[in-house]
Amino acid sequence: MQSVSTQLIDDVFVVVVDNPPVNALSWHVRQGLHDGFGQGLADPAVKAIVLRCAGSTFIAGADITEFGKPPQGPDFNAVLNMIEASDKPVVAAIHGTALGGGLETALVCHYRIAVPSAKLGVPEVKLGLLPGAGGTQRLPRVVGVEAAATMCSLGEPVPAPKAEAMGLVDRMAGENSLAEDAIAYARELIAAGPRPTRERSVTGDIAAIEQLKAANARKWRGFEAPYANLACVEAATHLPFDEGLKFERAEFLKLMGGSQSAAQRYMFFAERQAAKIDGFPKDLPLRDVKKVGVIGAGTMGGGISMNFLAKDIPVTIVEMVQENLDRGVGVIRKNYEASAVKGRFTAEQVEGMMGLLTSSLSLDDLADCDLVIEAVYESMDVKKEVFGKLDTICKPGAILASNTSYLNIDEIAASTSRPQDVVGMHFFSPANVMKLLEVVRGEKTADDVLATAMAVGKKIGKVAVVAGVCHGFIGNRMLSTRQQPAMQLLLEGATPAQIDKVHTDFGMPMGPFQMSDLAGLDIGWHRDPARVESIRDALCAAGRFGQKNRKGFYDYDEKRVGTPSDEALSIIEEFRATSNLSKREISDQEIVERTLYPMVNEGYKILEEGKAQRASDIDVVWIYGYGWPIYRGGPMFWGDLEGTGKIVEALERNGVKVAESLKAKA
Ligand code: T1G
């Protein structure tokens, strides 16, 4: 396939990459670059060379689909070294996103010109990798140690204007005149001649590296790649260039061969796959969503509203009581103002978003909404009543969504005359922060309603996953299979802190009991202190409701930092005594087997029942909804790594009914 073309314009030779959709450096692109530059370098009429890309972006990186497959085409580093060694000035003309191997290609070019809207970055760390084609050695020679260390270890792209200020971009082009501006710039540089990046010196203070480690220790807990990136940048500060390249190569191969990068590359595609609905054409016509209604101005309703307002979509928020409505609107404003203080929004933007919010005490004001999301109390009766009213109020074709976290969407839909317009949109708290959105497909949900809900999710920056109707859909259904054995382990002698530590050491942001305290132990409690049928009842009876009143499984200080609680432990001991279970030593491995393996098992059952489209969707749910460590790829990916045979044996040993499909895979 012809993915690289060349043209000679007077004395400037232009090499154009055209490999949709993102000009990834597939083998035929590398071949084309090798051949094209070979031609340009050999032609005496050529005085300067421009490298640019067709389509929407400059090269966005190596072709991730090629990883792990037998190598094809010329070696990437060989092609880059050939470009850098050019005896004629080479200019990279950048638009869209020059990422990873794309930026590394731009770095072997001697100069870089970019349009203002372009972005440049090395996001390899997000794939559990590092720039493996000289990026960690050339960036410090162009932008200095601190900027290079930051770009490599955090992986965030830099807008072109800032890149120019850093010296990464040498010239800005007109937004619509990159091709011609690049040629003119190359012609200007004929006199200056080539400027091989490898010959430039590393500048800046190595202390920046330790500062980054200290500032990101919590965020990088358990990750290998950020530290490998920093080690390579540090190597650039004291090794000769070619030694530095060798160091980088060795570190790159270590990461590439490790399970963390395999997991993070898997998740890169899994997240994109989740957006696709099996059997639906890509161009299925969607319903227009220009105005959204949200019912309930509590934590969820407010958070849900914020997602739309931040994307300039007007919201009408409805509450039943003025005081609750005012509080809810006030919380939205306070959250936006807090974000503004952190620089995420300007004051004008906050006013603009608040200006798109209409508050009301009447459902009738939702009549002209294209999408209404109900976020009221988790009671089927309340939801049925609300949907019955919406059925009479909302315009034909409006999408009626429930934010329920586990109730039956089909039952809710049956309370309307338009079940085809009803869908679940389960946001995760805090709804304006958590990226996961479970879109629950009812039996009668129309295809375009499902597709529209998924598209709306993407539009407001969520990672949307299709779930089927069952108790807890995908995420909470699997969560419940962890909670019950965790409680049982308490009865058998483990402590909340031991169990939570196994989970946080595994990489979860918090363990089962820390999570219960955060959510509130009194959620769903029968409120009868005399009725103590579980450890949770016993804690609630003692007025221990969790973080909300600073005592639950743990005691909490004013900053909500939890410490083990003697009172909670004695309550657990007392309850254990009533269950004539004797206390025993419990190993961490047993805690893994009894709390994490059942989640994998439940994932297989969810797939058997068709409540998730694919195993990778289940992994997306757990990474974006619950903070499962992305370097472990999600419960299903991790289950394969852990070994399905080992999992089945442990489940059977612990008396858990194993999913047939899991047993068959063991
Ligand atoms: N390789 C292969 N396919 C890719 C790809 C890549 N690098 N990037 C995107 N795609 C596919 C993607 O799967 C999707 O496919 C389609 O392109 C559109 O992507 C040696 C080792 C560029 C910002 O990490 O960040 O270079 O679903 O939906 O929202 O040092 O894609 O349509 O079939 O994301 O407009 C480093 C990854 C690689 C950049 C565009 N580069 N890509 O976002 O579209 S490793 C990256 C992105 C490397 C070197 C190292 C984004 C984007 P499909 P999309 P988008």
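The values are calculated or read from the model by the stated rules, or taken from the named source; none is laboratory data. For clarity, every value in this text was computed on a predicted model and none was experimentally measured. Every residue, glycine as well, gets a Cβ built from its backbone with ideal geometry; the counts of neighbours run over all protein chains shown. Keep in mind that these areas ignore ligands, DNA and RNA; they rest on the heavy atoms of the full protein, side chains included. Shrake-Rupley method; radii C 1.70, N 1.55, O 1.52, S 1.80 Å.
Figures for the structure shown
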| read-out | value |
| --- | --- |
| Segment 74-88 - residue that is away from the ligand (no atom under 12 Å from the Cβ) and not hydrophobic (A, V, I, L, M, F, W, C) and, of those, modelled with the lowest pLDDT | P74 |
| So N324, is it assigned to a helix (DSSP H, G or I), farther than 24 Å from T392 by Cβ and out of contact with any Leu (no Cβ under 6 Å at 6 or more places or on another chain) | no |
| Test: V294 is open to solvent by less than 30 Å² (accessible area, probe 1.4 Å) and within 22 Å of I313 (Cβ to Cβ) | yes |
| Subset tally (residues that are open to solvent by less than 70 Å² (accessible area, probe 1.4 Å), away from the ligand (no atom under 11 Å from the Cβ) and of a type in the set (D, E)) for segment 227-281 | 2 |
| Test: I304 is among the hydrophobic types (A, V, I, L, M, F, W, C), out of contact with any helix residue (DSSP H, G or I) (no Cβ under 9 Å at 6 or more places or on another chain) and not assigned by TED's automatic domain parsing to the domain that holds F67 | yes |
| Any pair with Cβ under 7 angstrom, 6 or more apart, that starts in segment 57-79 at a residue that is polar (S, T, N, Q) and ends at one that is within 6 Å of the ligand (Cβ to nearest atom) and open to solvent by 30 Å² or more (accessible area, probe 1.4 Å) | T57/V22; T57/T97 |
| Total residues in segment 100-134, condition part of a helix (DSSP H, G or I) and either touching a Gly at 6+ places or on another chain (Cβ under 6 Å) or within 6 Å of the ligand (Cβ to nearest atom) (or both) | 8 |
| Subset tally (residues that are open to solvent by less than 60 Å² (accessible area, probe 1.4 Å), within 14 Å of the ligand (Cβ to nearest atom) and not in a helix (DSSP H, G or I)) for segment 1-34 | 7 |
| Verdict on K119 being crowded, with 21+ Cβ neighbours inside 10 Å and either of a type in the set (D, E) or without any contact (Cβ under 8 Å) to a residue 60 or more places away in the chain (or both) | yes |
| Conditions (1) surrounded by fewer than 16 Cβ atoms within 10 Å (Cβ to Cβ); (2) assigned to a helix (DSSP H, G or I); number of the one not met by F37 | (1) |
| Checking L253 against (1) more than 30 Å from F506 (Cβ to Cβ); (2) over 21 Å from the mean Cα position of the chain (by Cα), the condition it does not meet | (1) |
| Candidate set: segment 620-666, residues that are in a helix (DSSP H, G or I) and among the small types (G, A, S); chosen: the one most open to solvent (accessible area, probe 1.4 Å) | A664 |
| Any chance E224 is surrounded by fewer than 17 Cβ atoms within 10 Å (Cβ to Cβ), modelled with pLDDT of 95 or more and not small (G, A, S) | no |
| Restricting segment 55-73 to residues that are open to solvent by less than 30 Å² (accessible area, probe 1.4 Å) and more than 8 Å from the ligand (Cβ to nearest atom), the residue that is farthest from L178 (Cα to Cα) | I59 |
| Hey, D365 among the acidic types (D, E), over 29 Å from K611 (Cβ atoms), open to solvent by 60 Å² or more (accessible area, probe 1.4 Å) and touching a strand residue (DSSP E or B) at 6+ places or on another chain (Cβ under 6 Å) or not | yes |
| Pair list, Cβ < 9 Å and 6+ apart or interchain, from segment 564-577 residues that are open to solvent by 80 Å² or more (accessible area, probe 1.4 Å) to residues that are in a helix (DSSP H, G or I) | P564/P496; P564/A497; E574/A538 |
| Residue within segment 181-193 that is among the β-branched types (V, I, T) and within 37 Å of the chain's Cα centre (by Cα) present | no |
| Wholly within segment 169-273, helices (runs of 4 or more DSSP H) carrying at least 1 residues that are touching a helix residue (DSSP H, G or I) at 6+ places or on another chain (Cβ under 6 Å) | 207-216, 225-238, 241-256 |
